[in-house]
Structure formats: structure tokens, C-alpha cells
Amino acid sequence: MKVLILFAHPAFHKSHTNKILIKGLAEMEGVTFHDLYEKYPDFDIDVEHEQGLMEQHDCIVFHHPFFWYSTPAILKEYQDLVLEHGWAYGSKGIALKDKLFFNVVTTGGPRQGYNKGSFHNHTILELLAPIRQSANLCKMKNIPPFIVHGTHALEKEKVENYRKQYFEILELIVSDKFDVAKAETIDYLNDYLKLED
């Protein structure tokens, strides 16, 4: 399988966690690493090119920091322009049908803060619902998000561990050894590797 990672970080030069997480992604076999802010600094997205890229891949990943419980602006612009009616959704929109989809999200808040009655009062899955439903509308197969919590205080060693998990999951997807049914039993893709033990 081929994986397309749509990476969006408007302040990448300030990033600590994502700089480590993405290191080596561009060299991974079967993975296309696509930095949207680098490619489109003026937000002038080439819709035909992006649709072609999505068609060439079997798994689409939105990799981004959590901005106001959503994506950075360019990923919203990407969805608005690229996921056209009649191509991505609608009765004739089947270009993305059966492709895997998931988010890779970095957030400063700890995991326990994303629960009913806690600081954010919602789970990550609840907050990602509009994006995941958009993938559903495009007839894609949602798998759980891969989340890196507490980024402001994470030591390099812990970030490296997250990176290792992320790469292992991508390798399973690329080699077509990823079990979607198994993944549907968990909330965070981070926990998938524990199911493999």
C-alpha cells in the first residue's frame, strides 16, 4: 500500500516534537511526505495535482498540531478545494472510496485533559468528528488517530519513542499487514502495537 502524509505546521521552525516525528518520513519506502505549507506558502493549492496525488495512494494521513481543536488553516483550505463534489463525494464521487484515513495530531494538553468533565470536556475522537465524518462522506475507512500529548514538556527520548511507534504503524500499512478490524477496537492508534504483542 502507498501512504500519503499531508503535513501542515504553520510554525514548523518553532516545532520541537514534529521536527523529530517527521525525521526520515520522506525516505520511507511506500510513503509520500507532502508539506502543504512548504508547497503552498500563498495557499494557492493546485487542486488537480492534489487530486492526482490522493488517487495514487491507498492511505491518506492528516499530520498536524491541534489548532483550536482542529487543523491548521491550510488543511481546511485543502479540504474545501480538493475534496470536490463529484470527485470525492456525491453519487459519482468515488475517487477516495475504501482508502484508509487517519490523523496524526500533536497537542500540548495531556491525555487526561481530553475527557468529559476534564479541562477540554471532550475526547480527541469527539473533537476530530467533523474531519472523520468528512472522510466517511468520501467513503474512506477511518482508523483511530495517532496522538502525541503534552508536547510542551516532552523529553526528546519520549518523542523518539512516539516516532518509532508511528514508523512501525506506517510500515505495517505499507506492507499490507495492518488489521483495520483490530484498529477499530481502540481509540488511539498509539495502542495498536500493544494488540500485536
Q) Applying the selection to region 46-70, what residues are within 18 Å of ALA135 (Cα to Cα), outside any strand (DSSP E or B) and at pLDDT 95 or above? A) VAL47, GLU50, GLN51, GLY52, LEU53, MET54, GLU55, GLN56, HIS57, ASP58
Q. Under 7 Å by Cβ, and 6 or more places apart or on different chains, what pairs join a residue from region 127-142 that is surrounded by fewer than 15 Cβ atoms within 10 Å (Cβ to Cβ) with one that is aromatic (Phe, Trp, Tyr)?
A. LEU137/TYR89
Q) In the set LYS156, LYS164, LYS116, LYS76, which member is farther than 19 Å from ASP191 by Cβ and at pLDDT 95 or above? A) LYS76
Q) Does ASN103 satisfy being surrounded by 14 or more Cβ atoms within 10 Å (Cβ to Cβ) and within 26 Å of GLY52 (Cα to Cα)? A) yes
Q) When both residues are 6+ apart or on different chains and their Cβ atoms are under 7 Å apart, which pairs have a first residue that lies in region 83-94 and is β-branched (Val, Ile, Thr), and a second that is surrounded by 12 or more Cβ atoms within 10 Å (Cβ to Cβ)? A) ILE94/LYS139
Q. Which residue out of ILE169, ILE186 is surrounded by 20 or more Cβ atoms within 10 Å (Cβ to Cβ) and not hydroxyl-bearing (Ser, Thr, Tyr)?
A. ILE169
Q | Residues located in region 5-20, provided they are surrounded by fewer than 22 Cβ atoms within 10 Å (Cβ to Cβ) and assigned to a loop (DSSP other than H, G, I, E, B) | A | PRO10, ALA11, SER15, HIS16
Q: Starting from region 47-66, take each residue that is more than 25 Å from ALA11 (Cβ to Cβ) and list its partners that are hydroxyl-bearing (Ser, Thr, Tyr) and crowded, with 19+ Cβ neighbours inside 10 Å, counting only C-beta distances under 8 angstrom and pairs at least six apart or across chains.
A: none
Q. Just checking, which of THR123, THR151 is farther than 26 Å from MET28 by Cα, hydroxyl-bearing (Ser, Thr, Tyr) and either in contact (Cβ under 8 Å) with a residue 40 or more places away in the chain or surrounded by fewer than 16 Cβ atoms within 10 Å (Cβ to Cβ) (or both)?
A. THR123
Q.
I'm checking my understanding of the structure. Among residues of region 122-148 that are of a type in the set (Val, Ile, Thr) and in contact with a helix residue (DSSP H, G or I) (Cβ under 7 Å, 6 or more places away or on another chain), which one is farthest from ILE22 (Cα to Cα)?
A. ILE143
Q) Are any residues in region 122-148 more than 17 Å from ILE60 (Cβ to Cβ) and touching a strand residue (DSSP E or B) at 6+ places or on another chain (Cβ under 9 Å), and if so, which ones? A) ILE124, LEU127, ILE147, VAL148
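The values are calculated or read from the model by the stated rules, or taken from the named source; none is laboratory data. From a predicted model like this one, the values you see are computed outputs, not experimental measurements. Note that we place each Cβ from the backbone using ideal geometry, even for glycine, and neighbour counts take in every protein chain shown.
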